[in-house]
Each structure stands twice: as C-alpha cells, then as structure tokens.
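Trainee: Below you'll find the structure I mean.
The values are calculated or read from the model by the stated rules, or taken from the named source; none is laboratory data. Keep in mind that what you see is a predicted model, and the values were worked out from it rather than measured. Virtual Cβ from ideal backbone geometry, glycine too; neighbours counted across all protein chains shown. The area values use the complete protein model at the heavy-atom level, side chains included, leaving out ligands, DNA and RNA. Shrake-Rupley method; radii C 1.70, N 1.55, O 1.52, S 1.80 Å.
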Amino acid sequence: MEVSIARPNILVVDDNPANLKLLLHILSEKSYKVRVAPGGQLALNACNSNPPDLILLDINMPEMNGHEVCQRLKASEKTRDIPVIFISALDDTNNIVNAFTVGGIDYITKPFKRLEVLARIENQLRIRELKMQLIEQNKLLQEHLDSRRKAEVELRLLLATTQAISRKNNVPSVLQAVLRLVGITIQWDYGEAWLPTEDNNILECSQNWYSSHASFWDFKKQNRTVTLASNLGLPGKIFVSKKPEWVEKILNSGDLPILGEEIGNASLASAFGVPIILNERVLAILVFYKKGSVPINLHTINLVTAVATQLSPLIYHKQTEEILRITQERYHSIVENAVEGIYQTTPCGRYLSANLALAKIYGYESPEELINSSQNVEEQLYVNSNRRREFIEEMNSNHAVRGFESQVYRRDGTIIWISENARSVCDSKEKLLYYEGTVSDITERKLAQKQTEKLLLNILPKPIAERLQQKQQVIADSFSDVSVLFADLVGFTNFASTKTPTELVEILNQIFIEFDLLSNRHGLEKIKTIGDAYMVVGGLPIPRADHASSIAKIALDMQSFIARFNTQINEKFSLRIGINIGPVVAGVIGLTKFSYDLWGDTVNVASRMESSGIPGQTQVTAAVYERLKEQFLFQERGTISIKGKGEMMTYLLIGQK
C-alpha cells in the first residue's frame with residue numbers, strides 16, 4: 001500500500017490492520033509519504049529496495065518480532081542509519097530497554113496519542129535532517145580545508161621561489177634554487193634541468209641539480225655527459241609538445257632509453273617533467289624522479305607548472321643587468337605586500353602581472369588566462385563599476401588603500417567579496433606607472449557577519465546590535481520618559497498541569513507570536529518573556545513622543561486577542577496587565593547569552609501594577625492616567641497597597657475614546 005504524498009517517507013510496520021489504518025490516516029494528514037508492512041520480512045524487503053526516512057515498528061509480530069527486525073536493520077550498512085521508533089502496547093521496562101539496546105531511538109506505548117506520535121516523528125525527522133546536513137557540511141568543510149592546504153603549500157612555494165630567485169644573478173643559480181625548493185616541497189628524490197642550445201636542436205643537462213640523498217651522485221655524473229636531440233627522451237618529448245609529461249613506470253617506457261641502465265642502478269621508478277615557456281619558446285625543462293612507482297598527480301603537475309610559469313620571465317629577463325634590476329625590485333615589492341592574491345595593474349585597468357593565487361580566487365586556471373581574459377577590471381571585474389573609480393580616487397589621495405572591500409565577479413559569473421591592499425608605483429619624476437597589491441577572498445567572513453547581524457537582530461534592538469558590532473565595551477543608556485508594560489497569563493499554570501509539553505509550548509507560542517506582531521505594529525520594543533509573562537516597552541532605544549498611547553493601544557489589543565483566542569480553543573485564559581511611565585536605565589548585560597534589559601523604579605512599579613491587578617483588566621498608575629485621560633477611557637480603581645511603595649492610586653484602562 002502506498003499513498004502518493006510528498007516526502008518525508010515513513011514506513012509503518014504492524015501486523016494489526018487497525019493500527020496500520022489509524023497510523024496511515026494520522027501521518028497522511030500531515031503530508032507524509034506513508035508505506036505499510038504487515039510483517040518483519042516485508043519491512044526488511046521494503047527498506048532494502050527503497051529505504052524510508054523513518055520507521056514506526058511494532059514489537060509483537062508473528063514470525064519475526066520488532067526487536068529482531070531492528071537488529072537486522074542496524075546490521076546492514078544500507079539501513080543502519082534509518083531512525084526506528086518502537087510503538088507497542090508492551091510498557092514494561094525490559095521491552096523498552098531491549099528496544100533501545102537493539103538500536104531504537106524512541107519508544108511510544110499504545111494506546112498512543114495522535115499529537116504525541118506526530119511530535120516525536122517530527123522531532124526525529126528534524127534530528128535526522130540536521131545530522132545529514134552536518135555530515136554534508138563536514139564533508140564540504142574537509143574538502144575546503146584540503147583545498148586550502150594545497151593552496152597554502154602552493155603559495156608558500158611561490159613566495160619562497162620568488163624570494164630565492166630574486167637573490168640570484170644568473171640562470172644556473174636560479175635553476176639550482178628552484179630545483180631544491182620544488183624537490184623538497186613535492187618530496188621527490190631527484191631533480192634536474194635541461195636547457196636548449198641557441199639553435200634549439202640540442203638539449204643539455206644543466207650542472208645544477210637536486211638530490212635527497214648522496215647515492216644519486218653517479219646518476220648525476222652520467223647525465224652531465226649526455227646531450228639529447230630536441231625530440232629524444234622525456235626532455236625532448238616535452239620540448240616538442242611544450243606540455244608536461246608523466247612516466248609512471250620508467251623501465252616500461254621508451255621515453256628514457258639512453259639513461260635506462262643508470263636509472264635502474266639508482267632504483268628510480270617514476271619521472272615527470274614540466275617546460276618553462278615564455279612567448280611559446282621553451283627556455284628550460286624541469287625533470288624530477290622518484291624511487292617508487294607513482295601514478296599521475298595533477299596537483300603536483302599544476303604546482304610545478306605554476307612555479308615554471310613564475311620562473312619563465314625571470315630566466316628570460318636575467319639576460320641583462322638592467323632588466324634583472326627591474327625584475328628584482330618588482331618581485332621583491334610583490335612579496336612584501338603578499339597576503340593571498342598578488343597583482344599589478346595599469347591605471348586604466350589592465351593586468352600587468354598576477355600570481356596563481358589571484359587567478360584561482362577569480363576562478364581562472366592560470367595567471368596568463370586571467371591576464372588575457374581581463375581587459376578592463378572596472379567593467380569586467382567589479383559588480384559595482386563605481387568601486388574602481390572610488391579605488392582610483394583613494395589612490396590619488398593617499399597613494400595606497402588598505403582593506404578596500406568590494407564585490408567582484410568570478411570567471412563563472414558567481415559573486416564573491418574581496419579585500420584589497422594596494423599602493424601606487426611611480427618613477428623618479430613621480431609619474432604613476434602602475435598599481436600593485438594583494439587580494440584576499442573574504443566571502444566567508446562576510447557571510448558570517450551577515451549571519452551574526454541576523455542573529456543579533458533577533459535578540460537585540462537594531463541600534464543596540466549595531467553598537468555591539470562596533471565593539472562598544474559598555475552599552476548603557478538613560479531614558480527620561482518611557483512606557484513599560486507587563487502582561488501575565490492568569491490560569492496558565494493550572495492549564496499547564498493538564499497538557500503535554502508539546503501542547504503547552506504550542507499554545508504559549510501562538511500567544512507570544514501574536515504579541516510580537518502587535519509590538520511591531522505599534523512600534524514598540526519587546527524586552528523579554530519570563531515563563532508565561534511578557535514585557536514590552538515604548539520610547540526606547542529610539543525616543544518617541546507617542547509611546548504612552550502606543551502602550552495603551554497594545555494593551556487593549558492584547559486583551560482583545562486573548563478573548564478571541566479563548567473562543568477558538570475553548571479555554572478560559574485571562575490577561576493581567578500593568579503599565580507605568582517614567583525614567584529607566586537600559587543596557588546589555590552578560591558575557592554569554594546576553595540580553596537587553598531595563599532597570600529602575602518605573603520598571604518595578606509597572607511589575608507591581610501587573611501583579612496586583614485584576615485578571616482580564618489593565619491596571620495603570622496615576623502618571624499613565626494623567627498622560628492619557630484625554631485619549632482613553634479609564635475607571636478609577638482606588639487606592640491599593642503596593643509593595644515597596646505604600647498606598648498608590650490606580651486606574652483600569654477601559655478603552656479608547
């Protein structure tokens with residue numbers, strides 16, 4: 001049997017047709033998709049073919065009881081995570097303990113109550129949903145952390161490479177530094193560089209090399225005497241294709257025939273190489289070897305390719321001392337300002353250079369792709385094109401920006417938040433040459449700030465929440481004239497003793513939601529609820545002249561709502577309300593679970609007005625009566641004794657004139 005109703009999917013297992021029919025009816029009313037099974041084996045078959053979101057399981061059934069069914073479900077990897085609620089007429093302790101022992105998450109005794117069944121089901125479905133969300137979030141977080149670790153390794157390598165080569169004054173020393181840094185980072189055993197001759201017909205092994213152990217000296221000594229034609233061996237293949245190459249098992253490959261014996265003696269099993277290219281010209285080839293057999297690793301290739309991309313202009317520009325000086329200054333400046341993404345742009349918005357971290361922030365595979373695709377950052381990058389103009393204006397004024405936050409488009413069209421630190425670079429005559437700086441992806445921080453703001457607005461008034469976010473140490477204000485209202489549900493304690501917790505909270509929630517809506521409608525500030533009592537204030541945190549009349553109006557509306565609500569649910573609640581006006585002190589208290597609260601004699605008297613009031617009536621002080629007697633109808637109650645104040649004249653608010 002199956003009812004075509006939207007998910008969640010619930011399987012009811014019971015050999016009693018009447019119970020099945022009743023549960024089917026109850027659950028279908030709540031739009032659950034319900035399946036039923038009159039026996040244990042049928043239930044197991046149903047779970048294996050189409051696992052439900054939750055199972056209601058009877059214990060006493062022929063052939064296979066509920067305990068055995070639950071044990072089999074928990075023993076299967078496919079069904080072990082399905083929550084099982086036992087529902088049985090057996091209410092002795094042993095049966096209940098056995099139900100939880102075999103894997104049940106709840107136990108409902110027959111005869112059951114409809115609201116209890118629905119509440120427990122909804123609770124367990126919510127727990128399952130949160131658990132699944134947590135698992136998915138943990139998975140995404142782990143992926144993010146892994147990606148971040150890889151990015152950090154790459155960034156550290158690029159920065160270390162930049163720093164190392166900026167101190168070198170010739171190509172061989174640059175290659176020596178790069179081979180060592182890359183070899184240590186990727187943890188391969190041996191690295192060397194091959195350079196083409198001027199006519200590009202022969203490849204020669206550079207004198208610079210890296211080794212993790214002295215045992216590779218013989219292998220290096222042999223390589224020094226070898227030259228390769230531009231299409232021979234692994235270096236020659238890379239020189240021709242201008243692409244990285246990977247050899248998982250060297251002895252089974254024809255890419256290194258000349259060095260086969262030496263490679264075998266050195267116990268090297270895998271190799272890969274990456275070309276250093278500039279303007280379609282191969283300047284050098286980096287080749288690395290490892291003892292163990294290693295399958296192709298794209299991350300390693302991309303990492304070394306990034307280094308090669310960064311290295312290529314340096315090898316080219318090291319040919320003259322003047323270009324060497326300019327290159328050293330530029331890279332030294334970039335390293336000093338590096339945070340994550342690194343760039344240089346012309347004043348009109350074209351990239352002169354960028355690092356791989358910046359390319360990845362913007363969704364590109366390489367810096368070259370970013371540079372070639374971005375012709376004008378003002379039009380292509382910034383969501384609000386005015387931000388680029390504001391960036392330039394601040395640069396013109398201060399020659400630098402710090403923490404300049406903007407929304408930008410990534411390559412795929414998605415929008416992220418970035419923070420820029422940049423400075424102007426000028427020549428000796430103070431003529432602007434370009435801007436250079438760093439970029440950080442702050443999207444996650446912005447999302448966290450948004451969630452924090454939303455949470456604060458749920459517990460604090462907006463002006464107070466804004467002050468708290470500005471890290472104001474002490475938030476306390478005096479207000480000379482505000483209205484304070486306390487309302488208490490009379491008879492709710494007796495009502496609570498006859499209701500389940502779910503019914504109790506549901507009724508109280510309906511009442512307080514309506515009070516919240518009335519507070520918003522009248523422009524008042526809810527302060528808190530204490531049990532079945534409600535506190536609201538007018539005239540703060542933003543002072544207003546009509547706060548007293550607004551408090552009186554909400555009191556009348558609250559009394560009217562309770563009367564209507566009693567008719568709807570056939571109850572006899574009454575509301576006792578007290579109101580006072582005067583000065584108060586308001587502020588935020590607490591280190592954890594802080595709250596916005598009021599203090600002062602005005603608050604105490606308002607509370608006494610409520611506690612000494614009449615059920616179904618709103619009692620106010622003489623100050624309230626004098627303020628509002630021209631707008632509202634009052635009835636003099638007379639003088640009553642108020643704790644801590646003595647005899648006070650009070651009035652009952654009847655209605656609005």
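Trainee: Might you let me know whether the stretch 33-43 holds any residue that is modelled with pLDDT under 90, closer than 19 Å to LEU115 by Cα and in contact with a helix residue (DSSP H, G or I) (Cβ under 9 Å, 6 or more places away or on another chain)?
Mentor: Taking every residue of the stretch 33-43 in turn, none turns out to be modelled with pLDDT under 90, closer than 19 Å to LEU115 by Cα and in contact with a helix residue (DSSP H, G or I) (Cβ under 9 Å, 6 or more places away or on another chain).
Trainee: For the stretch 349-377, give me each residue that is among the hydrophobic types (A, V, I, L, M, F, W, C) and at pLDDT 85 or above.
Mentor: Hits for the stretch 349-377 are LEU352, ALA354, LEU356, ALA357, LEU358, ALA359, ILE361, LEU370, ILE371.
Trainee: Here is a further query. Of the residues LEU134, LEU145, LEU155, LEU140, only one is within 24 Å of VAL84 (Cα to Cα) and not β-branched (Val, Ile, Thr); which? Give the derivation first.
Mentor: Values: LEU145 fails: within 24 Å of VAL84 (Cα to Cα); LEU155 fails: within 24 Å of VAL84 (Cα to Cα); LEU140 fails: within 24 Å of VAL84 (Cα to Cα).
Testing whether each residue is within 24 Å of VAL84 (Cα to Cα) and not β-branched (Val, Ile, Thr) leaves just LEU134.
Trainee: Please go through the stretch 158-190 and give me each residue that is within 13 Å of LEU286 (Cβ to Cβ) and among the polar types (S, T, N, Q), ordered by number.
Mentor: Answer for the stretch 158-190, where residues must be within 13 Å of LEU286 (Cβ to Cβ) and among the polar types (S, T, N, Q): THR161, GLN176, THR185.
Trainee: If you don't mind, there's one more thing I want to ask. Please verify whether GLU525 is of a type in the set (Asp, Glu) and modelled with pLDDT of 90 or more, treating the condition exactly as stated.
Mentor: Details: of a type in the set (Asp, Glu): yes; modelled with pLDDT of 90 or more: no.
So GLU525 does not fit the description; no.
Trainee: For the stretch 133-167, give me the residue count where each residue is open to solvent by 90 Å² or more (accessible area, probe 1.4 Å) and either modelled with pLDDT under 85 or in contact with a helix residue (DSSP H, G or I) (Cβ under 8 Å, 6 or more places away or on another chain) (or both).
Mentor: Final tally of qualifying residues: 6.
Trainee: Show me the helices (runs of 4 or more DSSP H) entirely contained within the stretch 337-450 in which 2 or more residues are under 27 Å from the mean Cα position of the chain (by Cα).
Mentor: Hits in the stretch 337-450: 356-361.
Trainee: While we're here: Restricting to the stretch 634-657, what's the tally of residues that are under 17 Å from GLY616 (Cβ atoms), of a type outside the set (A, V, I, L, M) and either touching a residue at least 24 places away in the same chain (Cβ under 8 Å) or loosely packed, with under 14 Cβ neighbours inside 10 Å (or both)?
Mentor: Number satisfying all stated conditions: 4.
Trainee: I would also like to ask the following. Identify all residues within the stretch 12-22 that are touching a residue at least 40 places away in the same chain (Cβ under 8 Å) and surrounded by fewer than 23 Cβ atoms within 10 Å (Cβ to Cβ); write none if there are none.
Mentor: First, pick out the residues of the stretch 12-22 that are touching a residue at least 40 places away in the same chain (Cβ under 8 Å): 12-16, 19.
Correct list: ASP15, ASN16, ASN19.
Trainee: So if I check each of SER312, SER293, which one is at pLDDT below 90, open to solvent by 40 Å² or more (accessible area, probe 1.4 Å) and not acidic (Asp, Glu)?
Mentor: SER293
Trainee: Report yes if some residue within the stretch 438-445 is touching a residue at least 40 places away in the same chain (Cβ under 8 Å) and among the hydroxyl-bearing types (Ser, Thr, Tyr); otherwise report no.
Mentor: yes
Trainee: Okay, next question. Can you confirm whether the stretch 474-493 contains a residue that is at pLDDT 75 or above and part of a helix (DSSP H, G or I)?
Mentor: Checked the stretch 474-493: at least one residue is at pLDDT 75 or above and part of a helix (DSSP H, G or I).
Trainee: Checking the conditions here, which among GLU122, GLU198, GLU129 is assigned to a loop (DSSP other than H, G, I, E, B) and either in contact with a His (Cβ under 7 Å, 6 or more places away or on another chain) or open to solvent by 30 Å² or more (accessible area, probe 1.4 Å) (or both)?
Mentor: The conditions single out GLU198.
Trainee: Have a look at ALA177, ALA164 and point out the one that is in contact with a Leu (Cβ under 7 Å, 6 or more places away or on another chain), closer than 30 Å to PRO313 by Cα and either of a type in the set (Gly, Ala, Ser) or not in a helix (DSSP H, G or I) (or both). Please lay out each step first, then the result.
Mentor: On the way: ALA177 fails: in contact with a Leu (Cβ under 7 Å, 6 or more places away or on another chain).
Going through ALA177, ALA164 in turn, the sole match is ALA164.
Trainee: Please state which of the following conditions PHE288 fails to meet, knowing it meets all the rest: (1) open to solvent by 20 Å² or more (accessible area, probe 1.4 Å); (2) modelled with pLDDT of 90 or more; (3) not hydroxyl-bearing (Ser, Thr, Tyr).
Mentor: PHE288 satisfies every listed condition except (1).
Trainee: Of these, ALA548, ALA533, ALA496, ALA555, which one is within 23 Å of ASP601 (Cβ to Cβ), among the hydrophobic types (A, V, I, L, M, F, W, C) and open to solvent by 20 Å² or more (accessible area, probe 1.4 Å)?
Mentor: Numbers: ALA548 fails: open to solvent by 20 Å² or more (accessible area, probe 1.4 Å); ALA496 fails: within 23 Å of ASP601 (Cβ to Cβ); ALA555 fails: open to solvent by 20 Å² or more (accessible area, probe 1.4 Å).
Exactly one residue qualifies, and that residue is ALA533.
Trainee: Being farther than 21 Å from VAL588 by Cα, touching a helix residue (DSSP H, G or I) at 6+ places or on another chain (Cβ under 6 Å) and not small (Gly, Ala, Ser) is the filter here; which residues of the stretch 516-554 pass it?
Mentor: LEU518, HIS522, ASP532, ILE554 - these are the residues of the stretch 516-554 that are farther than 21 Å from VAL588 by Cα, touching a helix residue (DSSP H, G or I) at 6+ places or on another chain (Cβ under 6 Å) and not small (Gly, Ala, Ser).
Trainee: Oh, and also: Listed residues TYR409, TYR364; which is open to solvent by 50 Å² or more (accessible area, probe 1.4 Å), out of contact with any Cys (no Cβ under 7 Å at 6 or more places or on another chain) and either touching a residue at least 40 places away in the same chain (Cβ under 8 Å) or closer than 27 Å to THR305 by Cα (or both)?
Mentor: Just a single option satisfies the conditions, and that option is TYR409.
Trainee: Same structure again: Quick check on this structure: which one of ILE569, ILE579 is over 20 Å from GLY538 (Cβ atoms), touching a residue at least 40 places away in the same chain (Cβ under 8 Å) and either touching a helix residue (DSSP H, G or I) at 6+ places or on another chain (Cβ under 8 Å) or of a type in the set (Lys, Arg) (or both)?
Mentor: None of the other options fit; the residue is ILE569.
Trainee: Give the residues of the stretch 522-565 that are assigned to a helix (DSSP H, G or I), farther than 15 Å from GLN619 by Cα and touching a strand residue (DSSP E or B) at 6+ places or on another chain (Cβ under 6 Å), sorted by residue number.
Mentor: HIS547, SER550, ILE562
Trainee: Collect the residues in the stretch 68-90 that are over 18 Å from LYS131 (Cβ atoms) and basic (Lys, Arg), keeping them in residue-number order.
Mentor: ARG72
Trainee: I'd like to check something: does the stretch 70-77 contain any residue that is at pLDDT below 90 and open to solvent by less than 20 Å² (accessible area, probe 1.4 Å)?
Mentor: No.
Trainee: When you scan the stretch 383-395, how many residues do you find that are touching a residue at least 24 places away in the same chain (Cβ under 8 Å) and either under 26 Å from GLN310 (Cα atoms) or open to solvent by 50 Å² or more (accessible area, probe 1.4 Å) (or both)?
Mentor: Within the stretch 383-395, residues that are touching a residue at least 24 places away in the same chain (Cβ under 8 Å) and either under 26 Å from GLN310 (Cα atoms) or open to solvent by 50 Å² or more (accessible area, probe 1.4 Å) (or both) number 1.
Trainee: Find the strands (runs of 3 or more DSSP E) located wholly in the stretch 566-657 whose residues include 3 or more that are more than 47 Å from the chain's Cα centre (by Cα) and modelled with pLDDT of 90 or more, and list them.
Mentor: 618-621, 632-642, 646-656
Trainee: Which pairs do you get when a residue that is polar (S, T, N, Q), found in the stretch 227-243, comes within reach of a residue that is assigned to a helix (DSSP H, G or I), reach meaning Cβ atoms under 8 angstrom, with the pair 6+ apart or on two chains?
Mentor: Correct list of pairs: SER230/GLY236; SER230/PHE239; SER230/VAL240; ASN231/LYS237; ASN231/PHE239; ASN231/VAL240.
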